[in-house]
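Below: the structure, in structure tokens.
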Amino acid sequence: MNASHAPVPTPAAPYCDQCGEAAAAAGHEGCARRRELEPPRYCGDCRRRMVVQVTPRGWTAKCVEHGTRTG
């Protein structure tokens, strides 16, 4: 996966998709680096831990409340 396929949190997303903390909080530099290579682990909308499956073709991350995201 290259950086162009990395998930980018939307401005409206209140939570970081890597650590689950408030997106407005400081200290997400490590999350930004991890986001370039890793699929999201937390739903940016509700902070729930997502079920993530990584395959040779990409990844899927499923939130029980907000559905599936792919990359």
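The values are calculated or read from the model by the stated rules, or taken from the named source; none is laboratory data. Quick caveat: nothing in here was measured; it's all calculated off a predicted structure. All Cβ positions, glycine included, derive from the backbone under ideal geometry; neighbour counts span all protein chains shown. Accessible surface areas use protein heavy atoms only, side chains included; no ligands, DNA or RNA. Shrake-Rupley method; radii C 1.70, N 1.55, O 1.52, S 1.80 Å.
Here are the numbers for the structure shown:
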| quantity | calculated |
| --- | --- |
| Among residues of region 13-46, those that are on the phi > 0 side of the Ramachandran plot and open to solvent by 50 Å² or more (accessible area, probe 1.4 Å), counted | 1 |
| Boolean, Thr10 is modelled with pLDDT of 95 or more and surrounded by fewer than 18 Cβ atoms within 10 Å (Cβ to Cβ) | no |
| Subset of region 19-44 (residues that are out of contact with any Phe, Trp or Tyr (no Cβ under 7 Å at 6 or more places or on another chain), under 17 Å from Gly58 (Cα atoms) and assigned to a loop (DSSP other than H, G, I, E, B)) | Glu36, Leu37, Glu38, Pro40, Arg41 |
| Residue within region 50-61 that is of a type in the set (Ser, Thr, Tyr), under 10 Å from the mean Cα position of the chain (by Cα) and modelled with pLDDT of 95 or more present | no |
| Of all residues in region 47-68 being in a loop (DSSP other than H, G, I, E, B) and out of contact with any Pro (no Cβ under 9 Å at 6 or more places or on another chain), the one that is surrounded by the most Cβ atoms within 10 Å (Cβ to Cβ) | Arg48 |
| Residue that is among the small types (Gly, Ala, Ser) and out of contact with any helix residue (DSSP H, G or I) (no Cβ under 8 Å at 6 or more places or on another chain), where the choices are Gly30, Gly71 | Gly30 |
